[in-house]
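Undergrad: First the structure, which I've put down as structure tokens, then a few questions once you've had a look.
The values are calculated or read from the model by the stated rules, or taken from the named source; none is laboratory data. Since the model is a prediction, treat every value here as computed from it, not as a measurement. Cβ coordinates were reconstructed from backbone atoms using ideal geometry, including for glycine residues, and neighbour counts include every protein chain displayed. Quick note on the areas: whole protein, heavy atoms, side chains included, nothing else; ligands and nucleic acids left out. Shrake-Rupley method; radii C 1.70, N 1.55, O 1.52, S 1.80 Å.
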Amino acid sequence: MQDNLSTPALTAALGGEEDKLLACIHCGLCLEACPTYVITGDENDGPRGRLYLMRAVGEGKLSNESRAFERHIDRCLGCRACEQVCPAGVEYGQLLEAARAELFSSATQRGFSYKALRFALKHVWLQPARLKFAFAVARFIRDSGVASLLLKSGVARIVSRRFEFGLALLQSSGPENGLPHELDGKQANKTPPVSGPSSNAAPQTKVCATKNRAMLFTGCVGEGLFSRVNKATVRVLGVNGIDTIVPDEQVCCGALHAHAGDLAGARILARQNIKAFSVNEELPIVTNAGGCGAMLSSYGHLLSGDETFAAAARTFSERIRDISQQLKLVGTKTGASVPTGPITYDASCHLLYGQHAGEAPLEMLAAVSKLNFARLEGSDRCCGGAGIYNLLEPDLSREVLAEKLANIRASGAQVLATGNPGCQMQIGAGAFLAGLNLRTCHPVELLDESYAQAGMYNQD
Ligand code: SF4
Ligand code: SF4
């Protein structure tokens, strides 16, 4: 690499490891794994082409304000499917983050969507009280029936297709899109000890009765729109002998900031989370969102240049586990069958490729007795959600989603379980707008229902 790089953000994001840009041997084995390359057939929409662009910018041969750099880096889903098939071990996820940091800091004139994103990241996502308020408004629009009315009347589509899809995303986060959750009320007194914002229970300093304990990362979208999944997670962990602590001071994981290139914002949130979870440093940190889990697992890299936090960030990242990985460690108890139609599973890219959860989520699902499982072709392919890619790059996202919906239709599934709220919303919204009869939920919700059917919450 040249010494006089004109790309301070990119090089800073790589933390002195600019040689990672040179690791690609141009073999092309990643091309067919890349959803955007498969759709457009454009080399620059594949990993190899994007790496060329990053390297050209890094070497000062291409401006960081060039249209090609902006367009093709923006169009990457960040799914990291390319990493899995790369024989040279190219750390594409880290390189993409660095390229986005370069774009974020460049003088490139971005469209309205990107300007709005930048505003929201700074003035809403970094301000917990405002974020809480924003999710309260979103829940009101969803739960009052306003979203449904605007969608079903066709008004949302008249405004714009992007607005319609945004409302469908919100609508598909609702509990009516998952399994019936009578549990939330009826079993309130049967749940294991919990503390923190997702419960009505005691404060975080609660001392748990058993030696099996874990801390729960609730997530901003998780707590804002999917608190039922957090509650189900706590109940399921409890049945399997694990008491849960939920720290009050935790904040958003910073994935949206990191994916947008705002690494300074991501670091602010990371430091806050490290402090919030430092109370019980010996405990694992459980998440139920693939996107959050992958981000939390990368704090070690994100804060590697921070003298004060580097060591704590590495320790923090080593503690991160998806709920399915934690259950696999202790051995998941089997519940009863659940009364639904065929169930299928779609892997969250970040759970699969970021957290390397492998078969753990499927093993968690298998703890539901007599599971009526429908195999899903391409379950390891991205759904096109990718954070808020679906709103920033709607056309390409829609094409990626169309393939997913076609496979779901062919599977005959009536229920789809997936371990990330973004995927749940993306597939739920697509299914709703396509008129597909499909409920989307988290696998832990199915296991929770299975335990309820077995009467496991009624045992003392
Ligand atoms: S992260 Fe996904 S979309 Fe981006 S280059 Fe890799 S495979 Fe393609
Ligand atoms: S598989 Fe790896 S080495 Fe081969 S072209 Fe893709 S990124 Fe480069």
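Undergrad: Could you please find all residues in the range 52-87 being part of a loop (DSSP other than H, G, I, E, B), on the phi < 0 side of the Ramachandran plot, within 14 Å of ligand 1 (Cβ to nearest atom) and open to solvent by 20 Å² or more (accessible area, probe 1.4 Å)?
TA: If the condition is that a residue be part of a loop (DSSP other than H, G, I, E, B), on the phi < 0 side of the Ramachandran plot, within 14 Å of ligand 1 (Cβ to nearest atom) and open to solvent by 20 Å² or more (accessible area, probe 1.4 Å), then ARG75, CYS86 are the ones that fit.
Undergrad: Just one of (1) at pLDDT below 90; (2) open to solvent by less than 70 Å² (accessible area, probe 1.4 Å) trips up ARG118, so point out which.
TA: (2)
Undergrad: Is it true that some residue in the range 431-443 is touching a Cys at 6+ places or on another chain (Cβ under 9 Å), open to solvent by 20 Å² or more (accessible area, probe 1.4 Å) and farther than 26 Å from LEU117 by Cβ? Even if it seems obvious, please write down each step before you answer.
TA: First, the residues of the range 431-443 that are touching a Cys at 6+ places or on another chain (Cβ under 9 Å): 440.
Filter again for open to solvent by 20 Å² or more (accessible area, probe 1.4 Å), leaving none.
No, every residue in the range 431-443 fails to be touching a Cys at 6+ places or on another chain (Cβ under 9 Å), open to solvent by 20 Å² or more (accessible area, probe 1.4 Å) and farther than 26 Å from LEU117 by Cβ.
Undergrad: Can you name the residue in the range 89-115 that is open to solvent by 40 Å² or more (accessible area, probe 1.4 Å) and among the hydrophobic types (A, V, I, L, M, F, W, C) and is also nearest to ligand 1 (Cβ to nearest atom) among such residues?
TA: The extreme case among them is PHE104.
Undergrad: Consider VAL90 carefully, then state whether it is part of a helix (DSSP H, G or I) and not charged (D, E, K, R).
TA: no
Undergrad: Return the only residue of PRO203, PRO197, PRO247 being at pLDDT below 95 and under 24 Å from HIS350 (Cβ atoms).
TA: Numbers: PRO203 fails: under 24 Å from HIS350 (Cβ atoms); PRO247 fails: at pLDDT below 95.
Just a single option satisfies the conditions, and that option is PRO197.
Undergrad: Within the range 399-413, does at least one residue satisfy the condition of being in a loop (DSSP other than H, G, I, E, B) and of a type outside the set (Phe, Trp, Tyr)?
TA: Going through the range 399-413, the residues in a loop (DSSP other than H, G, I, E, B) turn out to be 412-413.
Adding the requirement that they be of a type outside the set (Phe, Trp, Tyr) leaves 412-413.
Yes, the conditions are met somewhere in the range 399-413.
Undergrad: Run PRO35 past the list (1) modelled with pLDDT under 85; (2) within 15 Å of ligand 1 (Cβ to nearest atom) and report the number of the one that doesn't hold.
TA: If we test PRO35 against (1) modelled with pLDDT under 85; (2) within 15 Å of ligand 1 (Cβ to nearest atom), just (1) comes out false.
Undergrad: Let me ask something additional. Being open to solvent by less than 20 Å² (accessible area, probe 1.4 Å), out of contact with any Leu (no Cβ under 6 Å at 6 or more places or on another chain) and farther than 19 Å from SER298 by Cβ is true for just one of PRO361, PRO342. Which residue is that? Explain how you work it out, then say what you get.
TA: On the way: PRO342 fails: open to solvent by less than 20 Å² (accessible area, probe 1.4 Å).
On inspection, the qualifying residue turns out to be PRO361.
Undergrad: Considering only the range 39-51, how many residues are free of Cβ contacts under 8 Å to residues at least 40 places away in the same chain and either over 25 Å from CYS423 (Cα atoms) or near ligand 1 (Cβ under 9 Å from one of its atoms) (or both)?
TA: Residues flagged as free of Cβ contacts under 8 Å to residues at least 40 places away in the same chain and either over 25 Å from CYS423 (Cα atoms) or near ligand 1 (Cβ under 9 Å from one of its atoms) (or both) within the range 39-51 amount to 7.
Undergrad: For ALA101, are the conditions met, namely being in contact with a helix residue (DSSP H, G or I) (Cβ under 7 Å, 6 or more places away or on another chain), away from ligand 2 (no atom under 14 Å from the Cβ) and either not assigned by TED's automatic domain parsing to the domain that holds GLU399 or not in a helix (DSSP H, G or I) (or both)? Please lay out each step first, then the result.
TA: Working: in contact with a helix residue (DSSP H, G or I) (Cβ under 7 Å, 6 or more places away or on another chain): yes; away from ligand 2 (no atom under 14 Å from the Cβ): yes; either not assigned by TED's automatic domain parsing to the domain that holds GLU399 or not in a helix (DSSP H, G or I) (or both): yes.
The answer is yes for ALA101.
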